[in-house]
Every structure is written in structure tokens, then in C-alpha cells.
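Just so you know, all these numbers are worked out from the coordinates, no wet-lab data involved. Note that the coordinates shown come from a computational prediction; the quantities given were computed from them, not determined experimentally. Cβ sites come from the backbone with ideal geometry, for glycine too, and all protein chains shown count toward neighbours.
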Amino acid sequence: MKTYKSNFNLIKNFQKKYIILLFIILLTPFKLHGNSIHPNLELELFKNEITRVNGLLKFEKIKNRYNIIFEISKNNRTILLDTQNIKTKVKDVFLYDTNKDSVNEIFIIYYENGKNYLEGYSLTNLTMEEEDYQEDEATEFFKTFNDITSNKINSQIANIKNFNVNLAKKELEKLTPYYKVINFNNYSLWDEFRNNNKEEHSDKISFYQYELLPQDYEKFNLQKYFKIYSLDNLNFIKYINSDNILFSNGKYYFLFQIHQLGSITLEEVFQGKITDEVIIKNGRYFSSLENGYYEKNIKIGTWNSYEYLEEFKCYLPVKKYFTKGILTKKDIVYRKLGKLYKVSSRSKF
């Protein structure tokens, strides 16, 4: 009887210790770094005789979120790809060359609140032929999908059970030709001009000396005015060459330029007609640098433009006046020391 009681007490004490130990384990905070979110991965995104881009895809927890970071092996430079809520699980990671340009993009299948969604991260500014190429300066990323494409794909895959890499790749194949995967949500040609001009001046004050205020003029942004965030609602017309494609909505023609690594920019919007191999611009015309009216490919009336002026060493708004295709007058507006000036010229151009 004593032996039975003794064994019973031993078992009871062991159970108590086990419960206490289990309770301590449950209360111990877990660090959700690395493998608890997703294993860190060695990835090679591009390789040729000149350039190689490979690195480590890392998942780092910060409070109630985690950062997804690509660390370039060559110089240990880290690039933040994305930040996610800690409740968002990473189901899988894979590489896929959406643009068929031999540069892989990083795709991640996420899962949150019972729904799947897919996000891609694409390289940009990858210069492969310049002798002075520096990978740490050139390699950047942008999200592969524009807003419309992202919403379209994710609404289709949200409730697919056991959604995996093979199914994800089938969705990506539907996006071919690749101009449906585009990155012009934040594209601004004007900002590119500003950046280029800054490099020409060691003195920052010199660059801003003739800077206009926003109320002085309007920066003309095709994307803002025409809101073309997807090409699904436009009709494909033709390829102009390997880098330009023409679409139409029935009222305007839209000329897009395809850039390296898959980004695409809206370059021109115009009225007119296409006959055989000839483009006849007839009516309103818009680009990032100018807008006005054409009459059978001849400029007429008043045009608003942005022009690089050597005397000011920067781009400034210039109003131009045309008579039957001949430029007859220019009005240049600029500020100096806070005061607005206008220069008119009627000389021959």
C-alpha cells in the first residue's frame, strides 16, 4: 500500500513539474526571426559575363511587423523590398522571369485571414555595360505589379486552396506580353530632369536659383491626366519598333515605351489616324515635355512646353507660338531671388 502511494506521489509530482515547465515554455516570448517567418534564401537574380546579382533574402521581425530584405552578396548592401504585418504568413518564395529579359524577379506567396495574395519585386537601374558600373549604386527594386494588375490577380487567387508556386506561375504566364506588368504608378519624367540637372551643379543654390513655385505653372504629367494604370481597357494597335507600342481608346492614341527590366512609360497621347505605316497627328497632342495642337502633322497655335535653357542651366516652362508649323514667338517664365520674370523673344529660331 505504501509503495502504491509512493508511486502515486511520484507521478503526481512529475505531472506538476511537467505542467509548470509547459507553462513556462508557453509564456516564453519567441523571436520570430529568420526561419520562424520563412527560411532565409540564397538567390541569384542575374548573371552574365559582366555582371552578377545574387544575395540573401532575409526576413527580420520588428515589433508587430517584419521587413523583407535582399542583401547583395558582393558588398553586403541591404535593400528593403517590403514590410508586412506579422500576421501575414509567407507560404512560398520563387524566382520568375516575367519580362523574358533574363533577369529573375522575386515573387512571394502571402497568406492572411484565409486568403492568398501574390507580390513581385523586380530589379531596376541594372546597368550592365558601363565600365564604371557600381552595383551598390545601380541595383534597386520596385513592386512588379501596378495597382490594377495586383488587384486583378489577387482577387482571382484569394480563395484557391493549396495555392502554390506552379499555380502562381500559371497566373504570371497570363500576363504575357509583358507590357501588362508595368511600373508607372509613380513615374515622373520631370523628376528625372531635376535629378540630372543637379548633377551638373556642385552648388545646390545655383540649381534652385531659377526654380519656379508650383503656382507659377503646372507640371504636365500624362499619367495623372489620362490615369492609364492598366492597358486592359485600351486596344492594341501596333508595334512601332522593338521599344514602342501603340494603343487606342477610340478617341486618343497612346504611345508607350518599353524600358529595360520591364518598366513601361507613357510617352505620347495624340489625336489623329494611322494609315498604312504613316502616323498622322491631327488634333490635340500631349507628351511630358509639350502639349498643343497638330493639323496634319504641323504644329499650330499656342504650345506649352518645357525646354532646357543654357543660360539658366535647367528646364523651364516655355510658351511657344506657331503659325503653320513655323515658330514665331517664345515666352520664358522664371524666378530669380523670389521675383517672377517673363522673357519674350520674336527672333528667328
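Of note:
- Kirkwood hydrodynamic radius of segment 34-180, from inverse mean 1/r over distinct Cα pairs, in Å: 16.2 Å
- Per-selection Kirkwood Rh - segment 274-349 (Cα, Å, 1 d.p.): 13.8 Å
- Fewest-first sequence of 93, 53, 343 by Cβ atoms within 10 Å of each Cβ: 343, 93, 53
- Packing around the peptides 265-273, 331-339, 147-155, taken as the average count of other Cβ atoms within 10 Å per residue, puts them in this order, highest first: 265-273, 147-155, 331-339.
- Here, segment 33-94 is characterised by an Rg to Rh ratio of 1.02, where Rg is the alpha-carbon radius of gyration and Rh the Kirkwood radius.
- For segment 238-249, Karplus couplings with θ = phi - 60° (6.51, -1.76, 1.60), whole Hz, Gly/Pro x: 5, 7, 7, 7, 5, 10, 10, 10, 10, 10, 8, 10
- Dipole check for segment 34-180: with +1 at the C-beta of Lys and Arg, -1 at the C-beta of Asp and Glu, and the Cα centre as origin, the magnitude is about 1220 Debye.
- The ranking of 38, 259 by Cβ neighbour count inside 10 Å, starting from the fewest, reads 259, 38.
- Each Lys and Arg contributes +1 and each Asp and Glu -1, all at the Cβ; summed about the Cα centre of segment 235-349, the dipole is approximately 780 debye.
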